[in-house]
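Just below is one structure, and these are the notes that go with it.
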Amino acid sequence: MSDRGYVWFALNNSTTDYVELSKKLASSIKKHNKHNQVCVITDKPVEHKEEIDKVIVLKNDYSKDQEWKMNNEWQIFNLTPFKHTIKLEADMLFTSNTDWWWNYLHQHNMVFSYHVRCYRDTIITNTPYRKLFKTNNLPDVYNGLTYFRKSKQAQSFYNICKDIMLNWNTVRDTFLINCHDKHPTTDVVYALALKIQDPLCEKQIKYEWFNFMHNKSGVNGLSRAYINDQYLYTMMVGHPLVGEYIYSGGYKQSRIFHYHNKKLIKEFYD
C-alpha cells in the first residue's frame with residue numbers, strides 16, 4: 001500500500017449510513033486522483049469494494065452509546081495505515097485533482113484547514129454555530145480536512161485530543177466558557193488541543209488551497225432560507241466527456257464539497 005492516503009471514520013447512527021456515504025467519497029477521490037488510497041475506519045466489518053482499499057474495524061469504540069459518534073476521532077493517529085495521512089469526513093465529495101497537494105503537505109508534520117469557504121468560494125465570516133470559538137478565542141480550525149504524518153508533533157496533538165475527549169466534563173467545565181455540550185465535538189476538541197499545543201501559533205501552516213466548501217445551513221449568508229440546497233439549487237451535472245460537476249447557487253464547485261444535508265447525495269446519484 002502507498003505511504004500516503006485518505007482516512008476517515010464511518011460510524012452509522014439512527015439517521016445516516018456513513019458507510020454508504022463513504023463509498024461515494026472514495027469513488028470521487030479515485031475519479032480525480034492518481035494517488036487515491038483510501039482507508040475507512042468503522043465499528044463493524046463491511047464488504048470491501050473496489051473504491052475502498054482498506055477497512056479498519058475499531059477494537060475500542062468510545063462512542064457506542066452516542067448518536068453523534070465523535071469520541072473515537074483521536075484514535076486516527078494510531079489506526080491510519082499511512083505514513084502521510086489526509087483526514088476527511090464521510091459526507092464529502094472531491095471535485096478536482098489534489099495529487100499536487102502532497103508535494104507541499106509532506107514537508108510538514110501537520111497542516112490544518114482554517115476559514116472554510118461558502119458556495120461563492122469566499123471565506124465564511126458568519127458562523128452562528130461557532131459562537132463558542134469566539135467566546136473562548138479558539139482558532140478557526142476545521143477537523144474535516146487535516147494532514148498529518150507520523151511524527152512526535154502529530155502524536156502529541158492526538159494525545160491531547162484523547163485527554164480532552166475522555167475527560168470531557170472536566171475539560172468543559174474547567175477550560176471553556178459558556179460551553180454546554182454534553183459530548184465533545186471534534187472541531188472544538190481540535191481547536192482546544194491546538195491552542196494547548198501551540199498557544200502562540202508558532203507552528204501554524206495556512207495554505208489557501210487546503211480547504212473545503214462548507215454547505216452547512218446558516219454559513220452561506222442564507223440564514224433566512226428555509227432549505228439551503230433548494231434555494232441554491234445545488235445539483236450535480238454530468239457530462240459524457242469530462243464527467244460530473246457540482247453546482248451550487250450557479251457556481252461550479254472546485255474545492256472538496258462538504259455537504260451537511262445527507263439526503264443531497266441521493267439527489268446527486270439517484
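Taking the criterion of being open to solvent by less than 50 Å² (accessible area, probe 1.4 Å) and either at pLDDT below 90 or within 15 Å of the chain's Cα centre (by Cα) (or both), the residues of the stretch 44-74 that qualify are 46, 51, 61, 63, 66, 69, 70, 71, 72, 73, 74. Checked against the criterion of being within 19 Å of residue 260 (Cβ to Cβ), part of a loop (DSSP other than H, G, I, E, B), in contact (Cβ under 8 Å) with a residue 24 or more places away in the chain and open to solvent by 30 Å² or more (accessible area, probe 1.4 Å), the candidates 121, 187 yield just one match: 121. When 28, 2 are screened for being open to solvent by 20 Å² or more (accessible area, probe 1.4 Å), within 23 Å of residue 84 (Cα to Cα), among the small types (Gly, Ala, Ser) and in contact (Cβ under 8 Å) with a residue 12 or more places away in the chain, only 2 passes.
Please enumerate the residues belonging to the stretch 38-63 that are over 24 Å from residue 157 (Cα atoms) and assigned to a loop (DSSP other than H, G, I, E, B). Residues satisfying the conditions are 44, 45, 46, 47, 48, 49, 50, 51, 52, 53.
Would you check if residue 160 is open to solvent by 20 Å² or more (accessible area, probe 1.4 Å), of a type in the set (Val, Ile, Thr), modelled with pLDDT of 95 or more and not in a helix (DSSP H, G or I)? So residue 160 does not fit the description; no. Under the condition of being open to solvent by 10 Å² or more (accessible area, probe 1.4 Å), in a loop (DSSP other than H, G, I, E, B) and at pLDDT 90 or above, the residues counted in the stretch 203-217 number 7.
The rows are residues; the columns are (1) at pLDDT below 95; (2) farther than 26 Å from residue 73 by Cβ; (3) of a type in the set (D, E, K, R).
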{"residue": "188", "(1), (2), (3)": "no, no, no"}
{"residue": "197", "(1), (2), (3)": "no, no, no"}
{"residue": "238", "(1), (2), (3)": "yes, yes, no"}
{"residue": "244", "(1), (2), (3)": "yes, yes, yes"}
{"residue": "251", "(1), (2), (3)": "yes, yes, no"}
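Among all residues of the stretch 16-32, there is at least one that is hydrophobic (A, V, I, L, M, F, W, C) and closer than 27 Å to residue 181 by Cα.
Pairing each residue of the stretch 124-138 that is in a loop (DSSP other than H, G, I, E, B) with any residue that is of a type in the set (Asp, Glu) and open to solvent by less than 80 Å² (accessible area, probe 1.4 Å), provided the two are 6+ apart or on different chains, yields no C-beta distance under 6 Å. In the condition set (1) on the phi < 0 side of the Ramachandran plot; (2) touching a residue at least 12 places away in the same chain (Cβ under 8 Å), residue 170 is compliant with all but (2). Scanning the stretch 126-150 for residues that are open to solvent by less than 20 Å² (accessible area, probe 1.4 Å), among the hydroxyl-bearing types (Ser, Thr, Tyr) and either modelled with pLDDT under 95 or more than 19 Å from the chain's Cα centre (by Cα) (or both) turns up just one, 127. Taken together, 112, 82 contain a single residue that is closer than 22 Å to residue 201 by Cβ and either assigned to a strand (DSSP E or B) or aromatic (Phe, Trp, Tyr) (or both), which is 112. Look at the stretch 257-270: where a residue is among the hydroxyl-bearing types (Ser, Thr, Tyr) and a partner is open to solvent by 50 Å² or more (accessible area, probe 1.4 Å), sitting 6+ places away or on another chain with Cβ atoms under 8 Å, you get 269/24.
Within the stretch 218-236, the set of residues being assigned to a loop (DSSP other than H, G, I, E, B), modelled with pLDDT of 80 or more and open to solvent by less than 20 Å² (accessible area, probe 1.4 Å) comprises just one member, 234.
The values are calculated or read from the model by the stated rules, or taken from the named source; none is laboratory data. Everything quoted here is computed from the prediction, not taken from an experiment. For neighbour counting, all protein chains shown are included, and Cβ atoms are generated from backbone atoms with ideal geometry for every residue, glycine included. Accessible surface is based on the protein model in full, side chains and every heavy atom, while ligands, DNA and RNA are left aside. Shrake-Rupley method; radii C 1.70, N 1.55, O 1.52, S 1.80 Å.
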